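This report refers to the structure that appears directly beneath it.
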Amino acid sequence: MEVNRIARAASAPVIDDLLELNRIIRKVKKRPMKIRICPLQDPYIGVYTDASFANIGKTRTQAGKAMAQS
């Protein structure tokens, strides 16, 4: 949700948006992620979706999608 709000503000950013973006970057840097690539023996692809109706400013809807492979 944090990144979504910053992305929406990108067309007309203000100082508070930059401060929020810096806060998000600090948060991400504290929690590094590792990507492991393993050989596939029995491949599986899963797709996950989620949506919230009118959760952004009571008038806009947000949707997300993710794909996972194992």
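The values are calculated or read from the model by the stated rules, or taken from the named source; none is laboratory data. Keep in mind that this is a model prediction, so the values were computed, not measured. All Cβ positions, even for glycine, are placed from backbone atoms using ideal geometry, and neighbour counts span all protein chains on display. Ligands, DNA and RNA are excluded from the accessible area calculation, which covers all protein heavy atoms including side chains. Shrake-Rupley method; radii C 1.70, N 1.55, O 1.52, S 1.80 Å.
Quick notes on this one:
- Accessible surface, per residue, of the chain when the full set of protein chains is kept, probe 1.4 Å, Å²: 96 Å²
- Among the trypsin sites (Lys or Arg not before Pro) in the chain, those located in a DSSP loop and surrounded by at most 14 other Cβ atoms within 10 Å of their own Cβ are K34, R36, K58.
- Two-site FRET efficiency, L19 against K65, from Cβ-Cβ distance with R₀ of 35 Å, rounded to 0.05: 0.75
- If you wrap the chain in the convex hull of its Cα atoms and look at it from every side, the mean projected area works out to 6.6 nm².
- Over the chain, relative contact order from alpha-carbon pairs under 8 Å, at least 6 apart, %: 23 percent
- Working note: 222 nm ellipticity from helices only, DSSP H runs with n ≥ 4, each -39,500 (n - 2.57), summed and divided by the residues of the chain, gives -10500 deg cm²/dmol to the nearest 500.
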